Amino acid sequence: MDHFISLKNIQTYVSSCINSGLFNTIDDTSAVFYDFNHLFYKIKLLRKAFPESTFHTTAIKANPLIKVLHEIKKIGFGSEAASKGELFLAQKAGFNNNKIVFDSPAKTHSELEYALKKDFHINADSIMELDRIAKIKKSVKSESTIGLRVNPQVGYGKIISTSLAGEYSKFGVPLKSHKQEILDCFKKYNWLTGIHLHIGSQGCEVELLLNGIESGLKLIKEINELLKVDHREVFFIDIGGGLPVSYHHNMSPTDIIEYGEKISEMLTCYNLNKLQVITEFGRYLHANSGFIISKVEYVKHYEESNTLIIHSGADILLRECLNPDNWYHEFSLLDKTGKLKQAGKTKNYHIAGPLCFANDIVARDVELPEASEGDYIVIHDTGGYTFSMWSKYVSRLLPKIIGINNDSYEVLRKREKLTDILDYWSE
Ligand code: LLP
């Protein structure tokens, strides 16, 4: 299988859904397609790359669809939840409590109490949170495994807004200045058994990710040295997510096998092979497993430029519109039957969304075959961090999400109805 969903498959998926009526060309002005076959391929590669004992989870925030979570659960993965809502989704998708990792920098007292009672795995984001957990643990029986998130301060990636291991981050305990406090916590709390890191998301080169993990391993060595007298040691390292994916055919995708091998080598080098590795990938699993199609409502030809008005903008592609230098996709053009429009005569188009603000523009100057009203723009590689970041601004309807599994199609989420909008804005 290729790294990307092929154009051939995209045409098959779209035309089949148009023909069967699953994609209703009147009411569905856009839709998200999610290809489970591609997800399973990524999962297989991930398993192959990491030591067998690794506990893999999916970052729910990248793709919270219950049917997607359910498939991931069936495969034996866990899930990483970053809010009460995501914890609820994880439970509803059927993940066992000990397969749910609870991360968030703002866990409330009652959320922590609930997580401890349910034996979720908890990564504390700060020493203040550890102290809170200690107090709650006095009155609650819990089998939760508990880790501490550190910021290894190994540097920023290419995208500042998704970089979390620079000198400052709102997440984790800064390692350089607070090493002693971290060591003290491990000495003080005998239930603290792991280290959690998340270097950043996209934009972080593999080398940066590996530097972060290496800092974590070095820290674990020091903690183990300290705990030796008590016959205790660190039991796990949670390396977070962050593996960058390729959104373009001219960008070579990260080699996950090589990444996994390098991590295994480091574990051996630090004599920490017994350490349980936990992963929390989101983008790696989902981004290339989905695409959006959006109807060309208008083609505006002006002296200055040509603009296609489509039905997907900053509501579903927030980063792409607000920070286009860092986030952009590949595009294709399908005719109204779902067939690829071949290049011949091409034009440069701005691809603009339906929202009421100036930079609701998904991409500028995209070369495409000549477009007509009723065609569909394909926005490739939009299976992660798109509909999960849906914005209600201008009260548009979240599009239908269609899943493809083997050769069958099913609706993973219905298109929103006008009454859903009313409910949302009502008391
Ligand atoms: N673990 C933690 C603690 C995280 O905060 C995240 C993502 C992940 C795992 C998964 O990272 P991934 O493997 O997906 O890179 N488009 C969004 C991305 C934010 C990512 C947030 N954290 C944005 O622009 O805000």
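The values are calculated or read from the model by the stated rules, or taken from the named source; none is laboratory data. Note that this is a predicted model, so its numbers are computed, not measured. Because the Cβ atoms are built from the backbone with ideal geometry, glycine has one as well, and the counts that use them run over all protein chains shown.
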Taking the condition more than 30 Å from Glu225 (Cα to Cα) and within 16 Å of the ligand (Cβ to nearest atom), does Ala314 pass?
-> yes
What do you reckon, is Lys61 surrounded by fewer than 16 Cβ atoms within 10 Å (Cβ to Cβ) and assigned to a helix (DSSP H, G or I)?
-> no
Selected residue (criterion: modelled with the lowest pLDDT) from residues of the range 335-375 that are part of a loop (DSSP other than H, G, I, E, B) and among the polar types (S, T, N, Q) | Gln342
For the range 399-408, enumerate the residues that are touching a residue at least 60 places away in the same chain (Cβ under 8 Å) and not polar (S, T, N, Q).
-> Pro399, Lys400, Ile401, Ile402, Gly403, Ile404
Of those in the range 224-249 that are without any contact (Cβ under 8 Å) to a residue 24 or more places away in the chain and among the charged types (D, E, K, R), the residue farthest from the ligand (Cβ to nearest atom) is Lys228
Could you identify the single residue in Ser252, Ser264 that is at pLDDT 95 or above and of a type in the set (Ser, Thr, Tyr)?
-> Ser264
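Residues are listed down the side, and each one gets a yes or a no for (1) acidic (Asp, Glu); (2) in contact with a strand residue (DSSP E or B) (Cβ under 7 Å, 6 or more places away or on another chain); (3) more than 20 Å from Glu416 (Cβ to Cβ); (4) surrounded by 15 or more Cβ atoms within 10 Å (Cβ to Cβ):
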residue	(1), (2), (3), (4)
Ser305	no, yes, yes, no
Glu320	yes, yes, yes, yes
Ile379	no, yes, no, yes
Lys392	no, no, no, no
Leu398	no, no, no, yes
Mind checking which residues of the range 98-135 are of a type in the set (Val, Ile, Thr), within 13 Å of the ligand (Cβ to nearest atom) and touching a helix residue (DSSP H, G or I) at 6+ places or on another chain (Cβ under 6 Å)?
-> Ile122
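When you look at Ser83, is it assigned by TED's automatic domain parsing to the domain that holds Thr279, over 17 Å from Gln276 (Cα atoms) and within 13 Å of the ligand (Cβ to nearest atom), yes or no? Quick ask: steps written out before the conclusion?
Numbers: assigned by TED's automatic domain parsing to the domain that holds Thr279: yes; over 17 Å from Gln276 (Cα atoms): yes; within 13 Å of the ligand (Cβ to nearest atom): yes.
Judged against the criteria, Ser83 is a match.
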Residue list for the range 254-311, restricted to those being without any contact (Cβ under 8 Å) to a residue 40 or more places away in the chain and either among the hydroxyl-bearing types (Ser, Thr, Tyr) or outside the structural domain of Tyr41 (by TED's automatic domain parsing) (or both) = Thr268, Lys300, His301, Tyr302, Glu303, Glu304
Subset tally (residues that are surrounded by 12 or more Cβ atoms within 10 Å (Cβ to Cβ), away from the ligand (no atom under 16 Å from the Cβ) and more than 20 Å from the chain's Cα centre (by Cα)) for the range 250-272 = 7
Test: residue in the range 167-179 that is among the aromatic types (Phe, Trp, Tyr) and in a helix (DSSP H, G or I) | no
